[in-house]
Amino acid sequence: MMDKPDERIILTVYNNHVETCGEPPTIDNADRSRYYGYFQNEHGEQWLFVYDYGTETGTLRGGDCGWDRTYEVVGGLAAGLILNSAEQQWLAACWNAATAFKDVHHQ
């Protein structure tokens, strides 16, 4: 039997975007069937990556493109988005981290 996880917060991220960018998602890691990644670029633009181990799918959200909109991520690339070099490197790293041990998450 697994011990109850420590529920103390280790990271809090506040929304940098204006209200017209939509409602930012609320994410926690209570759902262990998902991998989560966060990035903020040099302009304060924020990105959230989520990989679902059950469906083997990734999605990306960003404040500047509207928090309510999700972009499919396949092979570390986000369809329909132009990302700068740092953002693309971060997204590829998230994809690699999320998919490297995906068989472990199906047990």
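The values are calculated or read from the model by the stated rules, or taken from the named source; none is laboratory data. Here the structure is a predicted model, which is why all the values come from computation and not from measurement. Glycine also receives a Cβ, built like all others from the backbone with ideal geometry; neighbour counts cover every protein chain displayed.
Of everything in the range 15-48 that's modelled with pLDDT under 95 and among the aliphatic types (A, V, I, L, M), which residue is surrounded by the most Cβ atoms within 10 Å (Cβ to Cβ)?
Only one residue fits best here, namely Ile27.
Within the range 52-98, how many residues are aromatic (Phe, Trp, Tyr), in contact with a helix residue (DSSP H, G or I) (Cβ under 9 Å, 6 or more places away or on another chain) and farther than 18 Å from Val13 by Cβ? Step through it out loud before you land on a result.
Here is the first cut: in the range 52-98, the ones aromatic (Phe, Trp, Tyr) are 53, 67, 71, 90, 95.
If we keep only those that are in contact with a helix residue (DSSP H, G or I) (Cβ under 9 Å, 6 or more places away or on another chain) as well, we get 53, 67.
Subset that is farther than 18 Å from Val13 by Cβ: 53.
The total comes to 1.
Looking at the range 68-77, is at least one residue touching a Phe, Trp or Tyr at 6+ places or on another chain (Cβ under 6 Å), of a type outside the set (Asp, Glu) and buried (at least 19 other Cβ atoms within 10 Å of the Cβ)?
Taking the range 68-77 and keeping what is touching a Phe, Trp or Tyr at 6+ places or on another chain (Cβ under 6 Å), we get 76.
Now drop any that are not of a type outside the set (Asp, Glu), which leaves 76.
Of the ones still in play, those that are also buried (at least 19 other Cβ atoms within 10 Å of the Cβ) are none.
Among the residues of the range 68-77, not one is touching a Phe, Trp or Tyr at 6+ places or on another chain (Cβ under 6 Å), of a type outside the set (Asp, Glu) and buried (at least 19 other Cβ atoms within 10 Å of the Cβ), which makes the answer no.
Within 28 Å of Val18 (Cβ to Cβ) and at pLDDT below 95, is that true of Cys94?
Details: within 28 Å of Val18 (Cβ to Cβ): yes; at pLDDT below 95: no.
Against the criterion (within 28 Å of Val18 (Cβ to Cβ) and at pLDDT below 95), Cys94 does not qualify.
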